[in-house]
Structure formats: structure tokens, C-alpha cells
Amino acid sequence: MRVCPQCNSQFLGAVERCPIDGSTLLEQVDELIGRVIGGRYRIQARVAEGGMASIYKARQEQLERTVAVKVLGRMLSEDPVHKERFLREARAANRIHHENVVDVTDFGETEDGLVYLVMEYLEGESLADVVTRGPVTLRRAVEILHPVCLGLQRAHDLGILHRDIKPENIFLVRRQDGGEGVKLLDFGLAQILGDKRLTTAGQVFGTPEYLSPEQAMGAEVTARSDLYALGVVFYEMMTGRLPFTGSAARLIYQHLHELPKPPSHVRPEVPAEVDDLVLKLLRKEPAERFASAREFDEALTACERRLASRRQFGQLSTVRGGADEGSRFPPDTADRLASRLAEARTRWEKAGPRRDVRVGRDLDRLEASIGALRRAQGELERADRDLREFVEHGRGTLDRLRRAVEELTRDEARSRREIDGLRTALARAHAELREAEGEFAQARAQVLRLQRDEPGGVGTAIAFETAGKAARRWREAVAEREAIERDLAAKNVEIEEVRFQLGQFRGRIAAMEVDAAKAGEAGASGDAEIYRRRVQDAERMVAIHVDEAAKLADSIERRLAGVP
């Protein structure tokens, strides 16, 4: 952050001179580092900074413990409404007092008017750090969302709505014993039901990517509004991307009017059952969502258990394997044949000079046959597992990939149209910026001339006012251009991601179609038969190797019958 020493305007980024008066900007030094606030907390370092407040690592000297101190910005500390909202965060978190909600232990105001609150100091990472690395498994999602639901349900039971659920506000705590805890953070936008003092009709609170439709309209929010935001988080965890993207205005339109793609259309590995949970959370009408965080938590846990049970026990829901399980050889068949081989080899070796060389060769053949049997059993297990995974998803992977390609192709076309529109808008913004920059240059030259010729005159004051308006128009033009450039860059990244996914999915489709052709199933109505055929082929190979090994073992044992 840099500040102008003349007009006190603040600037971010690499700006070196104030566009209003031309003064050299000064780096703003954090005056809180090293200071003791509240008579107890020595500020050590700033660890995070947001639009409204900064968070510091501090030492509570009397108790010799590390704490986190959240300090509201100086200008906002002077605003009674922002000050009261900030303190309400402390009161809300303190009322909840739950192991899955960050613990607020103290709050107050410094001698020079800065408002602060003191929280437990957490070490670990936010869920935002996790999803940045990519999607997570369903089991991992349950591990994280279960404690979040517990903390959120506790808040809702007390009549407290969070109103800003997002990955940045879900923290994965690294405990000293090596375990992990989950904490819900930042009740700064919380609403305590029945408290209307800071609530104004039509105001919109929250982060645009996670806003419920009713929040986007500035309408009344309920506990189900938090569940909508949790649905966006769940979607992001399972797919690695948000259901809606774009500028703030575009996001609000999508939350209100557009349906998100099912997660499995973005990432085919996502089971269909998970689609149902996510899309229920993201219903436009609050009454159609889960009734509570507890109800969603129970549904999510039950879903994960069902899927885990199918993985463990092979309970197929819509398609059975290629052969009856009862007709297969016992799983210890290879081990029993190996025991017969070991016993026969021992007897053959004890025969000494009377050993039959042909029996020795058959013993080696039997050992090789048992090895081939084990490999065939491994292939059968893999084929079984692939069939179970296919069934677990509820529909054919090939069909799902094709649908995903259709969706992504439409996305690519829409993104191209949006990029063309942004490029047109950017050209207009550049023209506006050049015009605003020229206007400001003229106004500034006029100010400099009048300061020289008529210092302190009315004309000089008017010129300063004109220069200020021109500077504001210039800044707004710069901001507009930068916003369009950011949207354009994001849209280019998005279309590249879409094209990458298209390439991946088309490659997988081509590979599966080649496999189908090789298996003689090119005309099959779906790919279920491909998996069944793989199981049947593997079963036939197991049967062939069992038959070969059993015959060899029987022959060897007959020839060794007279050997003690």
C-alpha cells in the first residue's frame, strides 16, 4: 500500500506518483508491528490482509501463548456501522463456542480507536489451498465437510447465519499430535436472526462466486442460504472448478437464472449419487434444498458409505458380472496347487539317483503353470474391479464421456463468443483511456500554469477541481480497462482448460472405442458388455490354467505314488 503525502489518497500496485497532484507516493509502514495492544498482546507479524481487516500473529505475554489478532482498518474503525459489524463477529463466534468454529477469546478498542478481536492461532492451510491443487476424493470431502456441517448447524441452532461460506473460510488445522481439525472462520458478515439494527433491505453481502440467489437479490436470507454456498464449495471440491465464473454481474445473473452442470459432466469420475447431493444444495428455490446442515451431513455420510460398501463387497446395482460368482474356483486354488507342488518336489528330490527326469521337467511346468494362474487371477480381480467401478457410477463411462464432450464443445463455442465481446470492449476501453488521459494531461498543465501565474486564485481552485474530476475519470478508465483485461485473461485460461479437457476426454473415448472394436463389440449399445467380456475372458484363462495345473499335479502324483 502506498499513500500520497499531500491528498492522503491510497494506491495499490506499482504506482509511484499521485495522479491528482503529482506527489511521490510513500510506502505505508505497518505501525502495529512490535506494539502491545490491549495491554496484553504484543504484535509480532502480519500474516494475512483483506479488504476490511488485517490478521496478525501476536504473543499474549502474561500467559506466554501465541494468538491471532484481527484488526479492522483505521478508516473502517471510524465508521460506526462497520465497527459494530466487526464486533458482532466476536459476539457471534463467542456465542457459538464449538470445536469446529474458530474460538474468539477477547475483543476491544485501542487507545487510538482501532477495533480488534483476539482468536486462537491456527497452523495449517485453508480449503482454498487444497482445491487450488485440484479436486479431492469423496472420502476426503466427507472428512472436511462433516465437521463444517457440525459447526454450521450449531450456529444455525443459535440463530446465527454465516453468509460468507467459501473455501477461504474453512481452515484445516494441523494439530500437534499429527491429526487434523477443521474450523469455520470469519463470521464478519454473520447475521443474528432478530437483530435488525445493521440490516438494510436490498443490501448484498457475501462473495459473488458463493452467493445464493436470495442473497444476490438482496432478499431475506435463511440457513438454507449458507447451504447453497456450501454446495458451491462441495462442487469445487469434487471438480476442481466453480459452477459459475465471470464478472460479479455475470455471476449474479448465473446464480439467479442458470443451472450448473452436474459435477460428473465436468469430471466423469464423480459418482451420479454425488451429482444429486450437489445439485440439491444448488437449487434456486431455498425450500427445495436440504432443510438443514444436519440433514445434508447425514445424506453425504450415507452416500459415501454406500459407495464404499460397493467398492468393498462388489454389490452391483444395475449390471451383474459375466459369470455366477459361485461357479468360480476358490481364491486359494493357486495356494493349494502350490502346496501340492512343494510336496511332490520334496518326494521327487528324496528319490535320489532313481529320480525320473521327466517328472522333474513336469514339476517345472507345474510351477510355471501356477505362476500363470496367479497372473490370470490378478487380471480377473482387475476386470472385476473395473466392472464394479463402471456400475458404481450408475451409467457407462463411454456414454458419460460423450455427453461431457458435447457440453464442453458448447462451452468452447460460448467462450469464443464471450472472448470476441471482451476484445471489442477492450478496444473501446483503450480509446476511453486515451481520451481520459489526454483530458487529465490538459487539466494538469492548466493547474501548473495557474499555480505559476495566479497562485491562490479562484481560477486555480477551479482548475484543481477540474483536474480532480479528470483524474477520477482517468482512474475509472484504467480500472475498467484492467477489469476487462482480467476477465479476458480469465476467459482465455477457461477456454484453454476446456480445450485441454476436450482433448483428454476425446483421447479416452478413442481408446475405449479401440478396445471395443478389438473385443468385437463395436456395435454394442454401451460399454457394459466390454467390461463383462473382460471378466468372462479372465475367467476362461483362470479355468484353463487351473485345468492345466491340476492335470499336471495329478500326473506327477500318480508317478510318485511308489516313492516314500
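Packing-based ranking of 90-101, 60-71 yields 90-101, 60-71, ordered from highest to lowest mean Cβ neighbour count within 10 Å. Were the residues from residue 140 through residue 461 laid out at 0.36 nm apart, the gain over their Cα-Cα distance would be 109.2 nm.
Shown for the range 135-313: lysine pairs separated by 8 or more places, or found on different chains, whose C-alpha atoms are under 27 Å apart, numbering 9. Here each label is just a point 7 Å from Cα along the line to Cβ, and for residue 133 and residue 358 those points are 6.4 nm apart.
In this simple spin-label model, placing a label point 7 Å from the Cα along the Cα-to-Cβ direction at both residue 365 and residue 217 gives a separation of 8.1 nm.
Between the beta carbons of residue 351 and residue 375, assuming R0 = 51 Å, the FRET efficiency works out to 0.95 to the nearest 0.05. FRET efficiency for residue 497 and residue 288, Cβ-Cβ distance as r, R0 = 41 Å, nearest 0.05? After rounding, the FRET efficiency stands at 0.85.
How much of the pair distance distribution for the range 135-313 lies past 24 Å, counting alpha-carbon pairs only, in percent? It works out to 36 percent of all Cα pairs. The slack in the chain from residue 414 to residue 428, taken as 0.36 nm per residue of separation less the alpha-carbon distance, amounts to 2.9 nm. Using the Cβ-Cβ distance between residue 441 and residue 31 with R0 set to 35 Å, the FRET efficiency from 1/(1 + (r/R0)^6) comes to roughly 0.45.
A short reminder: the numbers here are calculations on the coordinates, not readings from a lab. Computed from a prediction, not measured in an experiment: that's the story for all the values here. Here the Cβ is made from the backbone with ideal geometry for all residues, glycine too, and neighbour counts use every protein chain on show.
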